[in-house]
Amino acid sequence: MSEAQCIKYPVKPGHREALVNWIARLGDRSTELVEAMAEGGLGAEAVFLERGAESGDHLLIYTRAKDLKVAMEALSKSKLPLVKEFNQLMAESVDLENAVSLELIYHTP
């Protein structure tokens, strides 16, 4: 059975455009993306942007894996260029300390 999560990250002011552009180009790097997902044991991932005038923008990342803890640990130690770029982009573009894990009500296993 798989596990799922969705984490909501506040986007730092002035970083939305670069963040969205980099993520939108992931389709051009499909071979690297498949390799990264396999390394992390990810079954699915989706990224959403919530635009907010008053509360600011938020990046929402949905992830599904057999074991989320193992997947996140593997990706945090990854040497793959795509994963390293993504981790750097996230560190620069979102407020990691104020990320919120959304309450999971249901997901299809």
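Readers should treat all values here as calculations from the given coordinates under stated rules, not as data from a laboratory. In this text the structure is predicted, and so the values were computed from the model without any measurement. Note that we place each Cβ from the backbone using ideal geometry, even for glycine, and neighbour counts take in every protein chain shown.
Key figures for this structure:
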| item | result |
| --- | --- |
| Fewest-first ranking of 31, 108, using other Cβ atoms within 10 Å as the exposure measure | 108, 31 |
| Cα-centred dipole magnitude for the chain, charges only on beta-carbon of K, R (+1) and D, E (-1), debye, nearest 20 | 160 |
| Förster radius 35 Å - calculated FRET efficiency between residue 17 and residue 108 (Cβ-Cβ, nearest 0.05) | 0.55 |
| Helical contribution to [θ] at 222 nm, DSSP H n ≥ 4, -39,500 (n - 2.57), averaged over the chain, rounded to 500 | -11500 deg cm²/dmol |
| Entry for semi-axes √(5λ) of the Cα gyration tensor in Å (calculated from the structure that is shown) out of (1) 26, 17, 12; (2) 22, 18, 12; (3) 27, 22, 13 | (2) |
| Per-residue Cβ neighbour rank within 10 angstrom, fewest leading, 1, 37, 72 | 1, 72, 37 |
| Full-stretch length increase - residue 24, residue 5 - with 0.36 nm per residue and alpha-carbon distance subtracted | 4.8 nm |
| Added length on full extension, which subtracts the Cα-Cα distance from 0.36 nm per residue, residue 100 to residue 35 | 20.7 nm |
